[in-house]
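*Asks:* Before we start, here is the structure in question, set down as structure tokens.
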Amino acid sequence: MKFSIYRYNPDTDTAPAMQAMELDDNQVTPGMMLLDALLLLKAQDESLSFRRSCGEGVCGSDGMNINGRNGLACITPLAALKTPVAVRPLPGLPVVRDLIVDLEQFYQQYRAVNPWLINKDPVPEVERRQTPEQRAQLDGLYECILCACCSTACPSFWWNPDKFLGPAALLQSWRFLADSRDQATDERLANLEGPFKLFRCHTIMNCVEVCPKGLNPTRAIGRIKELMVKRSM
Amino acid sequence: MEIARRRFDTLIIGAGGGGLRAALHLSSADAHVAVVSKVFPTRSHTVAAQGGVNAALANVRPDNWHWHMFDTVKGSDYLGDQDAIEYMCRAAPQAVYELEHFGVPFSRLDDGRIYQRQFGGQSMNFGGEQAARTCAAADRTGHAILQSLYQQNIRARTHFFDEYFAIDLIKDHEGYLLGAVVMNIANSELLLIEAKTTLLATGGAGQLFRTNTNALINTGDGMAMALRAGIPLQDMEFFQFHPTGIAGKGMLISEAVRGEGGYLVNADGERFMEHYAPNAKDLASRDVVSRAIATEVREGRGCGEHRDHVLLKVDHLGAETVHQRLPGICDMVRTFLGTDPAESPIPVAPTAHYTMGGIPTNRFGQVIVPLQHGPEEPVPGLYAAGECACVSVHGANRLGGNSLLDILVFGRAAANHIVDYLHENRYHKPCPTDGADPALARLARWEQQGDGETVDHLRTELAQIMEENCGVFRTEEVMQDGLDKVTALSGRMGDVRLTDHSKIFNTARIEALELENLMDVALATVASALQRKESRGAHSRIDYPERDDVQWLRHSLYHRDTRTVDYKPVRTRPITVDSFPPKERVY
């Protein structure tokens with residue numbers, strides 16, 4: 001099976017290049033995922049660099065661009081991929097080496113939405129109550145694994161990475177706005193005011209298309225906008 | 001070589017649930033904390049915990065901490081230290097309520113309280129009816145907890161060193177722990193972090209085994225660092241094989257599946273757990289269920305072409321329950337097997353899962369080592385918590401839902417003790433000029449050029465040996481063979497060479513350092529296993545099938561320098577209640 005892999009080591013290379021790599025057919029087994037293939041390719045050439053950890057789509061380490069589409073290598077079946085499989089780093093972020101990008105900007109955006117529960121009441125001795133219906137509002141939000149597939153697929157993020165917060169951070173923002181236990185709605189909304197942070201989302205929906213967890217940041221962003229409008233009336 | 005230095009009150013190595021719980025407590029207590037993690041914190045392996053965290057909240061059925069304690073002691077096959085177990089079970093409800101206050105999106109009951117499910121080895125009334133003690137956020141509890149703890153740490157402004165790899169601990173000549181040498185993976189620059197207290201929270205070593213449920217990062221780094229600092233590892237022969245990893249692949253299928261009503265069948269379609277555990281059936285302890293599956297397979301009743309697994313059925317529960325209660329499992333099974341658990345059974349087999357042993361600590365999280373022939377004594381300045389530690393609450397077999405609890409309770413307990421320690425030790429001790437030398441030597445070795453063996457080759461061989469020679473069922477002959485092979489393999493480490501010497505995000509070098517760590521932990525595991533001539537918990541010997549409380553109700557301690565194992569007594573006396581004396585263990 002043939003692969004074409006983005007290689008760049010600033011230590012030794014003047015420019016990035018796509019490198020052809022190959023696995024023997026007998027190394028490719030049914031049900032194999034792209035990460036399995038990358039690990040075998042790394043056994044051939046240990047300088048091939050990428051992040052990985054859980055291998056089952058829950059840690060968010062191995063987001064990359066696979067045949068032009070962002071996804072997690074560990075849950076992308078090889079069988080579904082056209083060859084040669086083109087593997088590139090997530091777009092729109094500085095490349096550290098090979099498939100590894102510098103995610104600091106992505107993490108900054110996450111931190112910028114104050115992604116923690118804010119409740120100003122005295123802390124009770126037991127749990128705060130939340131009905132199953134209230135809790136269900138968090139489904140589709142709390143599952144985000146911060147893999148950055150969505151934000152780095154978003155043209156608004158590419159154009160204004162320093163001003164637009166991007167789909168992942170905004171999904172987190174809605175995760176707390178939607179939590180019946182959270183009491184910082186006004187502050188959270190005020191924090192998103194202005195033409196860029198939230199409103200640069202043009203509902204292109206690349207984020208929804210690529211999210212490996214099946215989440216819908218565009219809808220979350222829409223809900224924030226609705227809430228903002230409702231509050232301003 | 002001159003290394004950059006930074007000073008903190010506390011250095012925490014590892015940013016899973018244990019490290020983050022401790023960091024949050026310390027940051028909130030105005031301590032100056034550094035958290036070093038080789039991966040971005042939310043990628044730590046706590047994220048993969050599925051089913052939940054045990055606490056006697058009594059939200060669903062009557063419960064109290066004392067019943068939880070009984071179950072944990074019995075589950076440990078009486079090898080757990082009962083003072084630590086009492087402490088943990090008493091602290092559990094508070095630990096869970098705190099999480100809820102931090103924002104963890106627990107599943108809810110109709111009255112708005114936290115949802116609790118049934119898990120294996122749980123009972124009401126000291127061995128009576130099945131309890132429901134496991135607090136869950138669907139089947140993504142670890143993810144939910146890790147995210148919330150990280151978020152709270154952002155709020156508390158904890159100082160993170162993300163993607164830094166810890167090379168070695170620094171100790172002075174009096175035995176004080178003074179910090180560690182760490183490496184920024186992005187550019188290979190070294191940093192000496194001086195700290196009055198250091199907490200190891202580096203997790204387990206599941207990568208010892210070929211088929212495992214663990215993340216690739218679980219390479220026993222903290223355990224090996226402790227070994228190299230002259231600290232023994234405790235009870236390493238006890239490695240948990242989870243009954244239900246996806247057959248041949250290893251992904252974890254949570255005990256929550258059986259907790260919600262799923263059950264196992266063999267090739268004859270027979271619900272075989274009825275023979276092995278007439279009362280608890282599929283919710284017996286993990287060691288019991290894993291042995292039962294292994295026995296079914298050995299006796300020819302396995303399923304599939306190779307008759308090497310059994311089936312986990314949930315289709316009788318109805319699609320709605322399955323999809324709502326177990327959404328993560330459904331995703332995983334769809335992804336890796338292309339089926340829907342609500343329609344077809346899941347092929348499962350016992351899979352290496354959890355390191356019960358580890359760095360010996362007391363219930364305050366202090367690392368304790370035996371003095372020559374006298375009593376134990378804390379290593380000043382050094383703490384450990386979570387899977388890398390052995391406190392010991394899990395003894396010979398951990399109960400499902402007790403690992404998340406362990407990291408929360410003992411992460412916090414260690415932080416509590418550290419706060420006190422910092423009050424009494426206000427100034428950094430001087431770091432000896434040669435303090436970093438062992439770490440530098442360790443790194444310099446990998447600069448050697450030329451032909452040699454590869455990291456990948458030795459790692460693959462090691463995992464194969466461990467799987468074949470230190471699995472669910474063990475014998476003298478097989479383990480001796482395993483020890484010989486691992487010893488020979490570790491002898492070949494000197495021949496391994498890297499071809500990649502780049503300074504930029506060199507993952508090949510990280511994997512080499514991880515392999516060194518795994519090799520030390522493998523030796524500890526197989527050497528300790530060979531010595532223990534009885535069957536207890538997860539350590540099942542065909543040649544010694546009975547538990548032997550007269551000779552073997554004791555903890556093992558493996559020493560790296562001499563490659564020998566010695567022993568210390570189990571702490572059978574709890575803090576306030578009566579001891580649970582060893583009894584025959586039936587489920």
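*Asks:* Provide the gained length on full extension for the span B:S344 to B:H173, in nm with one decimal, where the gain is 0.36 nm per separating residue minus the Cα-Cα distance. Numbers along the way, then the final one.
*Replies:* On the way: separation 171, 0.36 × 171 = 61.56 nm, distance 6.14 nm.
This chain segment gains 55.4 nm when fully extended.
*Asks:* Can I ask one more? Per the Kirkwood definition applied to all pairs of different Cα atoms, how many angstroms is the hydrodynamic radius of segment A:172-233?
*Replies:* Values: mean 1/r = 0.0804 Å⁻¹.
Hydrodynamic radius (Kirkwood, Cα only) of segment A:172-233 equals 12.4 Å.
*Asks:* I've got another one for you. Relative contact order (percent) for chain B, with alpha-carbon contacts under 8 angstrom and 6 or more residues of separation? Could the numbers behind the result be given before it?
*Replies:* Details: 1390 pairs, mean separation 125.9, N = 587.
RCO, chain B: 21 percent.
*Asks:* I would also like to ask the following. Taking every DSSP beta bridge that has both residues in segment B:437-569, what percent is antiparallel when rounded to the nearest 5? Can you show the working numbers first?
*Replies:* Working: 7 of 10 bridges.
So the antiparallel bridges in segment B:437-569 amount to around 70 percent.
*Asks:* OK, next. In segment A:93-132, which trypsin sites (Lys or Arg not before Pro) fall in coil by DSSP and have 13 or fewer other Cβ atoms within 10 Å?
*Replies:* Working: sites: A:R97, A:R111, A:K120, A:R128, A:R129; in loops: A:K120, A:R128, A:R129.
Qualifying residues, ordered by number: A:K120.
*Asks:* Shielding of A:115-122 by partners, i.e. mean partner chain Cβ atoms within 10 Å per residue? Before the final figure, lay out the partial values.
*Replies:* On the way: counts 8, 12, 10, 2, 2, 0, 0, 0.
That works out to 4 on average.
*Asks:* Moving on. Any idea what diffusion coefficient segment B:437-569 gets from Stokes-Einstein, in µm²/s, Kirkwood Rh on alpha carbon pairs, 10 °C, 1.306 mPa s? Working shown, then result.
*Replies:* Details: Rh = 16.5 Å.
Approximately 97 µm²/s, per Stokes-Einstein.
*Asks:* When the Karplus curve 6.51 cos²θ - 1.76 cosθ + 1.60 is applied with θ = phi - 60°, which whole-Hz ³J(HN,Hα) does each residue of segment B:182-194 get, with x for Gly and Pro?
*Replies:* 10, 10, 6, 4, 4, 9, 6, 6, 9, 9, 9, 9, 8
*Asks:* Ok, one more. Projected onto the charge dipole of the protein assembly as shown (+1 at Lys/Arg Cβ, -1 at Asp/Glu Cβ, origin at the Cα centre), which of B:L26, B:H101, A:A79 gives the Cα projection farthest towards the positive end?
*Replies:* The listed residue farthest towards the positive side: B:H101.
*Asks:* Counting pairs of alpha carbon atoms under 8 Å apart in space and at least six apart in sequence, what relative contact order in percent does segment B:437-569 give? Intermediate results must be reported in sequence, preceding the final value.
*Replies:* On the way: 143 pairs, mean separation 33.3, N = 133.
25 percent.
*Asks:* To continue, here is another question. Anything over 25 Å Cα to Cα? Flag those among B:K249/B:K533; A:K213/B:K249; B:K171/B:K503; B:K249/B:K583; A:K42/B:K249; B:K38/B:K429, in the order listed.
*Replies:* Values: B:K249/B:K533 31 Å; A:K213/B:K249 21 Å; B:K171/B:K503 27 Å; B:K249/B:K583 36 Å; A:K42/B:K249 20 Å; B:K38/B:K429 27 Å.
Correct reply: B:K249/B:K533; B:K171/B:K503; B:K249/B:K583; B:K38/B:K429.
*Asks:* For A:V85, list long-range residues whose amide hydrogen, built 1.01 Å from N in the peptide plane, is under 5 Å from its own amide hydrogen.
*Replies:* The answer is A:K2, A:F3, A:S4.
*Asks:* Tell me which of A:I100, A:L170, A:N67 sits at the most positive position along the dipole axis of chain A, charges placed on C-beta atoms (Lys, Arg +1; Asp, Glu -1).
*Replies:* A:L170
*Asks:* Find how many whole Å separate the alpha carbon centroid of segment A:26-50 from the alpha carbon centroid of segment B:56-116.
*Replies:* Taking the Cα centre of segment A:26-50 as reference, the centre of segment B:56-116 is 42 Å away.
*Asks:* Using only C-alpha positions, report the orientation-averaged shadow area of the convex hull of segment A:113-152, nm², one decimal.
*Replies:* Values: hull surface 17.2 nm².
Averaged projected area of segment A:113-152's Cα convex hull equals 4.3 nm².
*Asks:* Another question about this same structure. What residues have an amide H closer than 5 Å to that of B:Q122, excluding those fewer than 5 places away on the same chain, when H is modeled at 1.01 Å from N in the peptide plane?
*Replies:* B:A131
*Asks:* According to a simple spin-label model (label point 7 Å from Cα along Cα-to-Cβ), what is the distance in nm between A:T203 and B:H32?
*Replies:* For B:H32 paired with A:T203, the spin-label model returns 5.2 nm.
*Asks:* Using a 10 Å cut-off around each Cβ of peptide A:195-204, what is the average number of partner chain Cβ atoms that fall inside?
*Replies:* On the way: counts 0, 0, 0, 0, 0, 0, 0, 0, 0, 0.
Mean shielding by partner chains, rounded to a whole number: 0.
*Asks:* For a bin width of 10 Å, list the pair-distance distribution of chain A built from all Cα-Cα distances, rounded to whole %.
*Replies:* Per 10 Å bin, starting at 0, the Cα pair percentages come out as 7, 29, 30, 19, 10, 4, 0.
*Asks:* Let me ask something else. Go ahead and run the numbers for FRET between B:Q94 and A:T83, Cβ-Cβ distance against an R0 of 51 Å, rounding to 0.05.
*Replies:* Values: r = 55 Å, r/R0 = 1.08.
According to the calculation, E is roughly 0.40.
*Asks:* Sequence gap at least 6, Cα distance under 8 Å: using those rules, report the relative contact order of chain A to the nearest whole percent.
*Replies:* Answer for chain A is 18 percent.
*Asks:* Using a Förster distance of 45 Å, how high is the FRET efficiency between A:D186 and A:D102, based on the Cβ-Cβ distance and rounded to 0.05? Display every interim value, and only then the final one.
*Replies:* Details: r = 34 Å, r/R0 = 0.75.
E(calc), rounded to 0.05, equals 0.85.
*Asks:* Let me ask something else. Please work out how much length the chain gains when fully extended from B:L371 to B:I542, using 0.36 nm per residue of separation minus the C-alpha to C-alpha distance, in nm with one decimal.
*Replies:* Working it through step by step, the gained length comes to 58.1 nm.
*Asks:* If we sort A:143-154, A:162-173 on the protection proxy, mean other Cβ atoms within 10 Å, highest first, what's the order? Mind showing how you got there, number by number?
*Replies:* Values: A:143-154: 27.4, A:162-173: 25.2.
Per-residue mean Cβ counts within 10 Å order the peptides as A:143-154, A:162-173.
*Asks:* Please grab the % of Cα pairs in segment B:244-351 that end up more than 24 Å from each other. It would help to have the intermediate numbers written out before the result.
*Replies:* Details: 942 of 5778 pairs.
Above the 24 Å cut-off, segment B:244-351 has 16 percent of its Cα pairs.
*Asks:* Taking the Cα centre of segment B:187-326 as origin, sum charge times position over the Cβ atoms of Lys and Arg (+1) and Asp and Glu (-1), and report the length of that vector in debye to the nearest 20. Could the numbers behind the result be given before it?
*Replies:* Values: 14 positive and 18 negative charges, 16 e Å.
Charge dipole of segment B:187-326: 80 debye, to the nearest 20.
*Asks:* Still on this structure: What are the DSSP H helices in chain B that stretch 24 Å or more along their long axis, judged by alpha-carbon atoms, and whose average Kyte-Doolittle hydropathy comes to at least -1.0? Present the calculation step by step, with values, prior to reporting the outcome.
*Replies:* Values: long enough: B:82-102 (29 Å, -0.29); B:402-424 (33 Å, 0.43); B:507-531 (36 Å, 0.68).
In chain B, the long hydrophobic H runs are B:82-102, B:402-424, B:507-531.
*Asks:* Can you work out the PRE-style zone for B:D481? Point 7 Å along Cα to Cβ, and I want the residues of segment B:287-306 with backbone N under 18 Å.
*Replies:* Hits in segment B:287-306 for B:D481 at 18 Å: B:298.
*Asks:* Tell me, what HN-Hα J-couplings in whole Hz come from the Karplus equation 6.51 cos²θ - 1.76 cosθ + 1.60 at θ = phi - 60° for each residue of segment B:570-587, using x for Gly and Pro?
*Replies:* After applying 6.51 cos²θ - 1.76 cosθ + 1.60, I find 7, 7, 8, 9, x, 7, 10, 9, 6, 5, 8, x, x, 9, 4, 9, 10, 10 Hz.
*Asks:* Set Lys and Arg Cβ to +1 and Asp and Glu Cβ to -1, take the dipole of segment B:295-424 about its Cα centre, and tell me which of B:I407, B:P370, B:L337 lies farthest positive.
*Replies:* Checking the options against the dipole of segment B:295-424, the answer is B:L337.
*Asks:* By average Cβ neighbour count within 10 Å, what is the ranking of B:220-226, B:281-287, B:459-465 from highest down?
*Replies:* Result, highest mean first: B:220-226, B:281-287, B:459-465.
*Asks:* Shifting gears a bit: So how strong a dipole does chain A carry about its Cα centre when Lys and Arg Cβ are +1 and Asp and Glu Cβ are -1, to the nearest 20 debye?
*Replies:* 820 debye
*Asks:* On a straight-distance basis, which aspartates and glutamates could pair with B:K281 in a cross-link, Cα separation under 16 angstrom, same-chain partners fewer than 8 positions away excluded?
*Replies:* B:D71, B:E129, B:E255, B:E260, B:E270, B:E296
*Asks:* Please grab the % of Cα pairs in chain B that end up more than 32 Å from each other. Don't skip to the answer; put the middle values down first.
*Replies:* Working: 72368 of 171991 pairs.
So the pairs more than 32 Å apart make up 42 percent of the total in chain B.
*Asks:* How big is the dipole moment of the protein assembly as shown about its Cα centre under a simple scheme where the beta carbon of each Lys and Arg is +1, that of each Asp and Glu is -1, and everything else is neutral? Debye, nearest 20, please.
*Replies:* Working: 85 positive and 102 negative charges, 410 e Å.
Value, rounded to 20: 1960 debye.
*Asks:* Another question about this same structure. If I model a spin label as a point 7 Å beyond the Cα along the Cα-Cβ vector, how far apart are those points for A:K2 and B:R61 in nm?
*Replies:* According to this spin-label approximation, the distance is 6.0 nm.
A short reminder: the numbers here are calculations on the coordinates, not readings from a lab. Quick caveat, the model's predicted, so the values are computed rather than measured. Neighbour counts run over all protein chains shown; Cβ positions are idealised from the backbone, glycine included.
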